[in-house]
Amino acid sequence: MFSSVTRRYLLTSCRVQSLATHMLKSVVTCVAPQPNSFHIPQAQRRLFVAHCVQLPYRRPAGTCVLIKGQQFHSSTQSHKRKKTQEEPQERELDLLRYDMKDLMKGPKPALYLGFSGLIPFVCAPLLMAVTEVYYPDVAFAQVAYGASILSFLGGARWGFALPEGSPAKPDWLNLANSVVPSLFAWVALLFRDSITESSVMVIMGLGIALHYDLALLPGYPSWFKALRTILTLVATFSLVATLIIKNVYPEKKLSEIFQKNN
């Protein structure tokens, strides 16, 4: 096959060479040639085109050939398309975009008990605001309840890390930090005679516990993170409202009111 193609190519080259020589001779012998013009007789042009049609056609690289309805690529370099699978990116901390939407997906008992746990926080400043009297006993009861909530949050982290298969490992980071809220609660109860210092300690403990649960020690589900955020904010504002009432309204003890009524 290669020899036949070579023979055909040589034969065609000889024909083209003889045709070009014949055309040059005819141009030179042309009568009265025009200056700066090159005229080829129509018969010679037809003969030249006929010989050019018989030349073998070389397909350029990179073109596609359609054979019986199937398309094949004749390029020497094959480009394979690799399907790139996008890896899921780790979700950043974004309460408004992710966690708050999953709040109502949590268990109903956890939501009901969690929001009902705000009643002691809210009732204390609400009672003193309505009566326009600051009661130190009520304020201390609010601080004591906040201290118990701090101990509960530390125990929840401890219990979450101990079971097998939990996303939080029972390492020093999880277990040691779960003790910190209880320490804040204990120090807050030591300031019995100063409601301001004890309230500040409870507020700091709530903030640190929330920071641990959301950023430092991940693993809680989204609905619980949203619930923890709402409960912490409401409890913090309730304690701050009690401190404001302490500086605005006159102080009166509940024991004095009971003695007057008796």
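Just so you know, all these numbers are worked out from the coordinates, no wet-lab data involved. None of these values were measured; they are calculated from a predicted model. No Cβ is skipped: glycine too gets one built from the backbone with ideal geometry, and neighbour counts run over all protein chains shown.
Annotation: amide H-H contacts under 5 Å for residue 134 (H modelled 1.01 Å from N, sequence separation of 5 or more, or interchain): 251, 252. Could you tell me the center-to-center distance, by alpha carbons, between segment 229-262 and segment 169-214 in angstrom? So the separation of the two Cα centres works out to 21 Å. Charge dipole of segment 153-262 (Cα centre as origin; +1 on each Lys and Arg Cβ, -1 on each Asp and Glu Cβ, all else neutral): 240 debye, rounded to the nearest 20.
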